[in-house]
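All of the numbers you see were taken from the coordinates with simple rules; none came from a lab. Values in this document were obtained by computation on a predicted structure and should not be read as measured data. Reconstructed Cβ throughout: ideal geometry from the backbone, glycine too, with neighbour counts over all protein chains shown.
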Amino acid sequence: MAQINNKELETLLGLRPESMEEHPFHFCPGCGHGLVFRLVAEVIDELKIKERAICVASIGCSVNSYEYFNFDGLESAHGRAPAVATAIKRCHPHLVPFTYQGDGDLAAIGTAEIVHACTRGENITTIFVNNAIYGMTGGQMAPTTLTGMYSTSTPAGRKPSLAGYPIRVCEMLSTLEGTAYVARVAVHSPASVRKAKQAIKLAFRTQLAGLGMSLVEVLSPCPTNWRVEPIKAMDWLAENMLAHYPLGEYKVIEAVAALQKEVSHA
Amino acid sequence: MSEKTLMAGNIAIAEGAILAGCQAYFGYPITPQNELLEHMSKRMPEEGRVFVQTESELSAINMVYGAAASGCRAMTSTSSPGFSLQQEGISYMAGAEIPAVVVNVMRGGPGLGDIGGAQGDYFQATKGGGHGDYNIITLAPASVQEMMDLAMLAFELADKYRNPVALLPDGFLGQAVEPVTMRQPVTEFPDKPWAITGAVGRPKNIINSFAMDPVDYRPRVELLRQKLIKIKRNEVRYEGIALDDASLIIVAYGSAFRSAMTAMKMAREEGFKIGIFRPITLFPFPVKPLSDLSQKTRRFLVVELSFGQLIEDVRLSLGTGAQVELANQFGGVPISADEILEAIERIMK
């Protein structure tokens, strides 16, 4: 009988996308990052762009992104991933750079870089993971922390009078002319995971078609810093985040809508 | 005789970069380097290369990182306040061993300062400047010709050592107009198998300056240390003028050196035997060539456009036996030959 190694078996059975490394995640139990990485890897496999894909990692729990993908990647400074990806795309239009950023990285320290990548209409893709908290540093307030929500730096809950309001990234960026596709999805249920994958795939197809900036915000659980059990974190997300961060497509330019129709026919 | 072109210093840097094969330029407007960015906005597209005017110097340096990490020769240019913002990206590039060229056309500071020329960023450029253990090779041109030549050398050294290189003229040199002999374009470039260009037919490449465990990061930093030792051994550059009979040696770089040249001629007419030692690499600093000169004379005069930054490296090089005096200006004001001559007369009497 032919020998088959684990990796081949996993690929054959659809257990592990080819674009995914055989590398243990460093994430906490119940974290949403693993799901999102897998969705990105599946999409890259399906679009057959593994040899062109470049993971532009950021700072936060996403810091080791390039370790989990089986293609080229680099680390950028906190918040600067869209600038790094911009340069890679401008210098090598055939490559497919995407940034993988958390909420602190993209919506606090990196607001200038993401806003200007969007307004220039850079032909890159951003996967923006919003878990409403600074995960890696231990649960401090993020720009997306909900009003009233506990964090280690808002021990009495986030008070807008002291700490402002949670920022809605998709709503803001979709007003910019350079964005071609902007969508907010979540990974708290099997149905939402399927929709998230569709959005991520359309975002990459937007880049491949040269249509401009594509961004998918993924609402994702952080049980450790939310201080709830992993399964309950999925409910917590639905109960608390969806009202402030409604799911849906915020920007779909006509050319992207045409791509979308091709997908649904496929 | 080769033909000369009249050119401003900032333009000479831009043309030098293009000759050196700079494939991508990213910059943000700031005086007194604007002509460089403006020139690149026209010339880079003409050459079919990348130009982006960025939203900040932070973004510019991180675009340089992206372009250089993907194997392109890349550059940004700025002036002092922008150079401060870029220290983050320079530290990341040093840590990740990314070759890139950063031009700082220095102006008066601290703070917003002014738009005159100054040399107050000497420490920032030569001692690391950002966080962590690293140095960047720092080149100090003293003429418009050298703005072009050292811009070209900067790209070569950056690739040779996979390290950022700073070109550190002051605002007076950026604005100076002088005849320049055009150089031949560089046609041969080193392979960059480490670059992120898409994992085709090879294992994936990763570029970072991070390890979860200090035990893993320490050996990488050790490699950086070894590299800096090699740079110090191999890349020292300097110029000596009229040193043979000198009883007082001026140490100066950039536009301060130009003032010192005039002062030297005036002083020699008065009978003072003055020589000049000009560091061309501020890092690596020419420690040994300078200390060797203390066999000839014990009197040195440092001329600089800052409080006294260059003088610290001069003192470290010469040790305790030498007399080291300072003639300086700061805050965006040039130093005149008369001021330097006065200092010479004071020391020699």
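Taking all Cα pairs closer than 8 Å and separated by 6 or more residues, the relative contact order of chain A comes to 17 percent. Remark: chain B carries a charge dipole of roughly 940 debye about the Cα centre, counting +1 on each Lys and Arg Cβ and -1 on each Asp and Glu Cβ.
Compute the FRET efficiency between B:L326 and B:S2 as 1/(1 + (r/R0)^6), taking r as their Cβ-Cβ distance and R0 = 56 Å, and round to the nearest 0.05. Efficiency, rounded to the nearest 0.05: 0.90. Taking 18 Å as the limit for the C-alpha separation, the pairs A:K201/A:K261; B:K127/B:K232; A:K201/A:K232; A:K50/B:K204; A:K48/A:K197 exceed it in the case of A:K201/A:K232. Put the Cα centre of the stretch A:211-266 next to the Cα centre of the stretch B:58-78 and the gap is 32 Å. Net charge of the neighbourhood of B:G108, taken over other residues with C-beta under 10 Å away and scored Lys/Arg +1, Asp/Glu -1, is -1. Placing unit charges on each Cβ (+1 for Lys and Arg, -1 for Asp and Glu) gives chain A a dipole about its Cα centre, and among A:S214, A:P246, A:A199 the Cα reaching farthest toward its positive end belongs to A:P246. The base-10 log of I(q)/I(0) for the protein assembly as shown, evaluated at q = 0.05, 0.06, 0.07, 0.09 Å⁻¹, reads -0.27, -0.37, -0.50, -0.76 [Debye formula, identical scatterers on Cα atoms, solvent excluded]. Modelled label positions at B:K232 and A:A163, each set 7 Å beyond Cα in the direction of Cβ, lie 4.7 nm from each other. Counted without the sites themselves, the longest stretch of chain A free of trypsin sites (Lys or Arg not before Pro) in a DSSP loop having at most 16 other beta carbon atoms within 10 Å is A:49-226.
Taking max minus min of the alpha-carbon positions on each principal axis, the stretch B:4-234 gives extents of 52, 40, 37 Å, largest first. Residues A:W236, B:W194, A:W226 in ascending order of nearby Cβ atoms (within 10 Å, fewest first): B:W194, A:W236, A:W226. Each Cα pair under 8 Å and six or more residues apart adds its sequence gap; the mean of these over the residue count of the stretch B:165-265 is a relative contact order of 33 percent. Could you give the distance between the Cα centres of the stretch A:31-60 and the stretch B:314-349, to the whole Å? The two parts, judged by their Cα centres, are 59 Å apart. When the Cα positions of A:A117, A:S189, A:H33 are compared along the charge dipole of the stretch A:27-265, A:S189 comes out farthest toward the positive end, with charges on each C-beta of Lys, Arg, Asp and Glu. Taking chymotrypsin sites (Phe, Trp or Tyr not before Pro) across the stretch A:22-98, the ones in a DSSP loop with at most 16 further Cβ atoms lying within 10 angstrom of their Cβ are A:F25. In chain B, a dipole from Cβ-located charges (positive for Lys and Arg, negative for Asp and Glu) runs towards its positive end, and of B:G174, B:I340, B:F155 it is B:F155 whose Cα lies farthest in that direction. Normalising the average separation of contacting C-alpha pairs (under 8 angstrom, six or more residues apart) by the number of residues puts the relative contact order of chain B at 18 percent.
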